[in-house]
Amino acid sequence: MGQQRSEANPDDKESLADTTYESAASGWTVHEMPERIRPREEVERVGVENVADDVLLSLLLRTGTTGLNVVDMARGLMKRYGNLTNLSSASVEELAQLRGIGRGKAQIIKAALEIGKRLNSELVPRASKIRTPDDVLRVLADRVRSLDHEVFWALVLDAKNALKCQPVDVSSGLLDASLVHPREVFREAIRSAAAAVVLAHNHPSGDPTPSAEDLRITKQLVAAGNIVDIKVLDHVIIGKSGMPGDRAYVSMRENGIVEF
């Protein structure tokens, strides 16, 4: 008969035991588990690309804590946050407060998820064509998904509407005209002899409805583009999810809000 799980100490940090689901791993050390559910052995058996998210987290965390093995710790994280996108939104400080995690493990989790974001960014083909707002969403979706603040991008295009480089981060934080300056928006476009740009930013609230400031900034940038002979094709505002196909955006061109 397996061991009973120990009671959580009320003086401990917030417990992940409350969010773990009962499993064959509960109450055991990793060495006491059947080999088929040990993280390293499972990866060896089926390959790292075929294991569940909690198994990957177990490998990153490496060790559990008294009364909570690493498998249940990882499963608790996944149950608490629901998916890796939500987990990536948690700060180091928040994760470090969870029982058994601490600052070191929290930094490892955040670093691993950040590597995934950067890899995905690198994989966006430079030859991607930007013809519709859905194309903008496809390129920016992974950047937008976990953001809790506004970010403004310029998508720099050649004469065939293909991306000339990765989307340029122009500013972060609450947008206003002082942060989204034409100089910053068009710098890369001028340097790379671009033919056009598409503007985009996110609304973390989830409501992509343009604000009065959004309209003012867009009109200012359209005018600046005319001066430097770089056409502003659209300004796409993306809602919280940033998932392709969910129409969680407003295209100012499609909606006739601004004359481009």
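The values are calculated or read from the model by the stated rules, or taken from the named source; none is laboratory data. Everything numeric here is computed off the predicted structure, so don't read it as measured data. Backbone-built Cβ (ideal geometry, glycine too); neighbour counts: all protein chains shown.
Of note:
- Whenever a residue of the stretch 214-226 is closer than 19 Å to I190 by Cβ, its partners that are among the basic types (K, R) and assigned to a helix (DSSP H, G or I), lying with C-beta atoms within less than 9 angstrom and at least six residues away or across chains, give the pairs A224/R183.
- The stretch 141-162 residues that are farther than 21 Å from D214 by Cβ and of a type in the set (S, T, Y), paired with ones that are modelled with pLDDT under 95 and buried (at least 17 other Cβ atoms within 10 Å of the Cβ) (beta carbon under 7 Å, 6 or more apart): S146/S88
- When the residues of the stretch 185-194 are filtered to those that are among the small types (G, A, S) and surrounded by fewer than 18 Cβ atoms within 10 Å (Cβ to Cβ), the one that is farthest from the chain's Cα centre (by Cα) is A193.
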